[in-house]
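Read through the structure below, which is laid out as structure tokens, and then see the notes.
The values are calculated or read from the model by the stated rules, or taken from the named source; none is laboratory data. Worth saying up front: this structure is predicted, and the values here are computed from it rather than measured. Virtual Cβ from ideal backbone geometry, glycine too; neighbours counted across all protein chains shown.
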Amino acid sequence: MTKIIETHEINKTYKMGSEIIQALKSVSISVNKGEYVAFMGPSGSGKSTLMNIIGCLDTPTSGTYVLNNKDVSDMTENELAEIRNKEIGFVFQTFNLLPRASCLENVALPLVYAGLSKTHREEIAFQALDNVGLGDRTKHRPNELSGGQRQRVAIARALVNNPSIILADEPTGNLDSKTSYGIMELFHELHSKGNTIIMVTHEDDIAHYAHRVVRLRDGLIETDLVNENPTRGVAMHT
């Protein structure tokens, strides 16, 4: 199996006034290409900090992080921005769509930084929207869509650069149960096509879609277990 993510003895500390907060304590974890992993844990457990470091949105205080054979631990902000754009697709709880832009423009945005022509960007963005079932919504703006449709636009945007990994931070947090089920079905489809997915969630029924569940507590990995029977195609509990 090809390792796509490898952290070694990662520590992360924050200074809040005179107090030092240790968010992560010597965390070592590896994720193989094509895995579907959920990070779980109570508020303050370190799961979001670990997600931010893996997503190159933050850097460790000490330790190393290797993404796709590149050591990103000591990269500059510009280098990290390039890695984020090329290697990682982000899906957030709050969708993070531009309200005045169309669905097509929102999805094409990461391709602007990749330097592609407008025609080429729009072709790729349309295909990404079509892949998540929204090929007929390209001209709509986010406020003309339901919550589930907005999250599908966000997923299309995450996929448009063909990233190495998809990072989903509480992707169903703002959705009702039925809509959440549809979004998790979509993640299942993406994983079955070979995508590597890492998801942060505090909900057990959402985590159960993943094939591996890593639980954090107080900045440490508490358990790291394979899910032998992940949910797929079964309606979630309300």
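Looking only at region 88-120, filter to residues that are within 16 Å of the chain's Cα centre (by Cα), modelled with pLDDT under 90 and of a type outside the set (V, I, T); which one of those is surrounded by the fewest Cβ atoms within 10 Å (Cβ to Cβ)?
N96
Which condition from (1) part of a helix (DSSP H, G or I); (2) in contact with a Phe, Trp or Tyr (Cβ under 9 Å, 6 or more places away or on another chain); (3) closer than 19 Å to I20 by Cβ is the one that A81 breaks?
(3)
Check L104, L57, L116, L97 and return the single one that is in contact with a Phe, Trp or Tyr (Cβ under 9 Å, 6 or more places away or on another chain), part of a loop (DSSP other than H, G, I, E, B) and among the aliphatic types (A, V, I, L, M). Explain how you work it out, then say what you get.
Working: L104 fails: part of a loop (DSSP other than H, G, I, E, B); L116 fails: in contact with a Phe, Trp or Tyr (Cβ under 9 Å, 6 or more places away or on another chain); L97 fails: in contact with a Phe, Trp or Tyr (Cβ under 9 Å, 6 or more places away or on another chain).
After applying the criteria, what remains is L57.
Return the residue satisfying two criteria in turn: it lies in region 171-182 and is assigned to a loop (DSSP other than H, G, I, E, B) and surrounded by fewer than 19 Cβ atoms within 10 Å (Cβ to Cβ), and of such residues it is farthest from the chain's Cα centre (by Cα). Break it down stepwise before answering.
Within region 171-182, the first condition is being assigned to a loop (DSSP other than H, G, I, E, B), and the residues that meet it are 171-176.
Still in the list and also surrounded by fewer than 19 Cβ atoms within 10 Å (Cβ to Cβ): 173-174, 176.
Details: G173: 13, N174: 16, D176: 20 Å.
Restricting to residues being assigned to a loop (DSSP other than H, G, I, E, B) and surrounded by fewer than 19 Cβ atoms within 10 Å (Cβ to Cβ), the top hit is D176.
Quick one: which strands (runs of 3 or more DSSP E) lie wholly within region 189-238 and hold at least 2 residues that are at pLDDT below 90?
Working: elements: 196-200, 212-217, 220-226.
In region 189-238, no matching strands (runs of 3 or more DSSP E) lie anywhere.
Suppose we filter region 143-164 for residues that are farther than 15 Å from E189 by Cβ and aliphatic (A, V, I, L, M); how many remain?
Matching residues across region 143-164 total 4.
Quick one: would you say R150 is buried (at least 20 other Cβ atoms within 10 Å of the Cβ), part of a helix (DSSP H, G or I) and more than 20 Å from the chain's Cα centre (by Cα)? Walk me through it before giving the result.
Values: buried (at least 20 other Cβ atoms within 10 Å of the Cβ): yes; part of a helix (DSSP H, G or I): yes; more than 20 Å from the chain's Cα centre (by Cα): no.
Taking the combined requirement at face value, the residue does not satisfy it.
Among the residues that make up region 45-54, is at least one of them under 20 Å from the mean Cα position of the chain (by Cα), closer than 18 Å to I198 by Cα and without any contact (Cβ under 8 Å) to a residue 12 or more places away in the chain? Talk me through it step by step, then tell me what you get.
In the first step, residues of region 45-54 are kept if they are under 20 Å from the mean Cα position of the chain (by Cα); the result is 45-54.
Remaining after also requiring closer than 18 Å to I198 by Cα: 45-54.
Of the ones still in play, those that are also without any contact (Cβ under 8 Å) to a residue 12 or more places away in the chain are 52.
So far as region 45-54 goes, yes, one or more of its residues are under 20 Å from the mean Cα position of the chain (by Cα), closer than 18 Å to I198 by Cα and without any contact (Cβ under 8 Å) to a residue 12 or more places away in the chain.
Is it true that N143 is surrounded by fewer than 17 Cβ atoms within 10 Å (Cβ to Cβ) and at positive phi?
no
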